[in-house]
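Asks: For reference, the structure I am asking about is given below.
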Amino acid sequence: MSAHNSHQDAESVNQRLVDQYTEIARLAGGLAHEIKNPLSTIRLNVELLGEEFGDENSPSAQRALKKLAVVQQECQRLQDLLDDFLNFAKVRHFKLCPTNLNDVIGRVLSFFAPKAKESGIEVIEYLDGDLPTVMLDPEVFHGALLNLVINAQQAMSGGGQLVVRTFNTADGVALRLIDTGCGMDKKTLLHIFDAFFSTKSGGSGLGLPTVKKIIETHNGAILVQSEPGYGTQFTIKLPVPARISAESNEP
């Protein structure tokens, strides 16, 4: 079999996989929407029931209100889970454009600054001013990076430092986030990018898998190193668009 035919076969397999994933994502998204509709009705009726008991001070009415509050909390948890799942499962059509990675990081850190101050977190920036342009969907990448920053903040419940660094690599650029939080053991590290795996109470376990999916769709990679008690380091590697040399235009 020629190299050309092998390439065509590989492209055909890849396209079939993409088509299969698209169909699965469509069905999963449709199912999630079908669940959201009756869930909204349940939430509304629970609120109305709460209003019915609102003016009563009898012990039985107060017990009923407490039970309704539990139902409301669980409905909200399901609503949040469905929203996270829809965000994870949907087929994304990115609008990639030449982007300065440092600019996106700057926007994220500016948005995060009030939360960092409130949480006692010092943000230290080492951003390389000579980074080449990368192809990103700035808004989607902003969301993924913000997710990582919020994760770091949650890992530093008593305050700490978040180091943000960008630098050139042999075949692209890299972004490194280092926190001084609680860190993760080896068992947790093996599963942090698995869907629905979470160490947080009430967490959906879809935040980091969504981040990984976004990075990989940008033809990048995300790596993590961590140790309990010593913090966590995430490294995002992104390729630089190939430049057509002047020689390639010669006849």
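Just so you know, all these numbers are worked out from the coordinates, no wet-lab data involved. Quick caveat, the model's predicted, so the values are computed rather than measured. Backbone-built Cβ (ideal geometry, glycine too); neighbour counts: all protein chains shown.
Asks: At a 10 Å Cβ-Cβ cut-off, how would you order Cys182, Cys97, fewest neighbours first? Mind showing how you got there, number by number?
Replies: On the way: Cys182 18, Cys97 11.
Arranged by neighbour count, lowest to highest, Cys182, Cys97 become Cys97, Cys182.
Asks: Right, something else. Give, as a single signed number, the net charge of other residues whose beta carbon lies under 15 Å from the beta carbon of Ala113, with Lys and Arg counted +1 and Asp and Glu -1. It would help to have the intermediate numbers written out before the result.
Replies: Details: positive: Arg107, Lys115, Lys117; negative: Glu118, Glu122, Glu125.
After counting each charged neighbour, the total is 0.
Asks: Can you sort Lys186, Lys213 by how many other beta carbons sit within 10 Å, fewest first? List each step's numbers first, then the result.
Replies: Working: Lys186 9, Lys213 19.
If I rank by nearby Cβ atoms, fewest first, I get Lys186, Lys213.
Asks: Now, a different point. Which far-off residues, 5 or more places away or on another chain, put their amide H under 5 Å from the one on Glu125, with H placed in the peptide plane?
Replies: Those lying under 5 Å, H to H, from Glu125 are Val164.
Asks: Now a separate question. In terms of Cα to Cα distance under 21 Å, which lysines are near enough to Lys212, apart from those fewer than 8 places away along the same chain?
Replies: Candidates past the 8-residue exclusion: Lys90, Lys95, Lys186, Lys187, Lys200, Lys237.
Asks: Long-range amide H contacts for Glu227: which residues qualify at under 5 Å (H placed 1.01 Å from N, peptide plane, sequence gap of 5 or more or a different chain)?
Replies: Correct list: Met184.
Asks: Out of Val224, Leu127, Ser110, whose Cα points farthest toward the positive end of the dipole of region 97-239 (charges: +1 Lys, Arg; -1 Asp, Glu; placed on Cβ)?
Replies: Toward the positive end, the furthest listed residue is Val224.
Asks: Also: Calculate one ³J(HN,Hα) per residue across region 152-157 by plugging θ = phi - 60° into the Karplus curve 6.51 cos²θ - 1.76 cosθ + 1.60, and present them in order as whole Hz with x for glycine and proline.
Replies: With the stated coefficients, region 152-157 comes to 4, 4, 5, 6, 10, 4 Hz.
Asks: Still on this structure, I have one more. Defining a contact as two alpha carbons under 8 Å apart and six or more residues distant in sequence, what relative contact order in percent does region 80-187 show? Each step should come with its number before you reach the end.
Replies: Details: 133 pairs, mean separation 30.6, N = 108.
Computed value for region 80-187: 28 percent relative contact order.
Asks: Among His218, His142, what is the fewest-to-most ranking by other Cβ atoms within 10 Å?
Replies: Least crowded to most crowded, the residues run His142, His218.
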